[in-house]
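Below is one structure, written out as structure tokens; comments come after it.
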Amino acid sequence: MNCEVSASDSAAIAAQRAAEIAKTVERVRALARGEQNIGVAAAQCIGVLMQALAAQLALWRDADFPVPQDKLWQAYALHEDADGSYAMYAVAMKPGHQQPPHNHTTWAVIAGVRGREKNALYALHAQEPTARVEHLADITVGQGNVLALGPDDIHAIEVLGPENALHLHLYGKGFAHLSDRRIFDLATGASRPFPIIQGVN
């Protein structure tokens, strides 16, 4: 038995994936209406749409979204409007990949395809005598789970393993347009710029 996927099958999967992404983004666009700070109800609805897209496992084969041998993660661009809005990525990650506490400056919805990513959620208290970052909760995003974040929400991530993870990320604006993102020091509340993400395939 030959278990390899033929070039024609691969092209058919890619075409179906593109069609499902376009359908999802169109429905998201009607909910978000171009806003960078959407409400809770819209975020929940977008989460349902992203969860449904991530559940179509045949569209998200490991072979199509590999992590380079010398890296812990790789982002793949799936969609972005001409003005940089409604940017969707498939983010493939190896166990041990981490990101420090950071914000996004736009709404974000993350849907699990496979693997487990621990999200530590924080709140910034900037108006006290000394700023501080308070830990709120830990939420693990895996297959079938969704996490929605607002522009000012802060989270840190860690891929738990044992297997690689693949998640779908949808942002109000794409990576290249998020120049005001910050990384936060948990002890002091101080922040520094979050470098613009490069090397997206």
> Which of the residues spanning the range 122-131 are open to solvent by 30 Å² or more (accessible area, probe 1.4 Å) and either within 15 Å of LEU147 (Cβ to Cβ) or in contact with a Leu (Cβ under 8 Å, 6 or more places away or on another chain) (or both)?
Replying inline: TYR122, ALA131
> Counting only residues that are small (Gly, Ala, Ser) and assigned to a loop (DSSP other than H, G, I, E, B), which one in the range 18-51 is modelled with the lowest pLDDT?
Replying inline: GLY34
> If we keep just the residues of the range 78-137 that are at pLDDT 95 or above and β-branched (Val, Ile, Thr), which is farthest from the chain's Cα centre (by Cα)?
Replying inline: THR105
> Which of the residues spanning the range 27-61 are of a type in the set (D, E, K, R) and under 26 Å from ILE196 (Cα atoms)?
Replying inline: ARG29, ARG33, GLU35
>> I'd like the full set of residues that are open to solvent by less than 70 Å² (accessible area, probe 1.4 Å) and not in a loop (DSSP other than H, G, I, E, B), limited to the range 136-157.
In response: ALA137, ILE139, THR140, VAL141, VAL146, LEU147, ALA148, LEU149, ILE154, HIS155, ALA156, ILE157
> Do any residues in the range 149-167 that are touching a residue at least 24 places away in the same chain (Cβ under 8 Å) and among the acidic types (Asp, Glu) have Cβ atoms under 6 Å from those of residues that are part of a strand (DSSP E or B) and open to solvent by 20 Å² or more (accessible area, probe 1.4 Å), where the two are at least six apart or on different chains, and which pairs are they?
Replying inline: GLU158/GLN98; GLU158/LYS118
>> Every residue in the range 57-76 that is over 11 Å from MET93 (Cα atoms) and part of a strand (DSSP E or B), please.
In response: TYR76
>> Can you find a residue that is within 15 Å of ILE197 (Cβ to Cβ) and either among the basic types (Lys, Arg) or open to solvent by less than 60 Å² (accessible area, probe 1.4 Å) (or both) anywhere in the range 107-116?
In response: yes
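The values are calculated or read from the model by the stated rules, or taken from the named source; none is laboratory data. Treat the numbers as computed from the prediction; the structure is a model and nothing was measured. No Cβ is skipped: glycine too gets one built from the backbone with ideal geometry, and neighbour counts run over all protein chains shown. The protein model used for the area step is the full one, side chains on, heavy atoms only, and it has no ligands, DNA or RNA in it. Shrake-Rupley method; radii C 1.70, N 1.55, O 1.52, S 1.80 Å.
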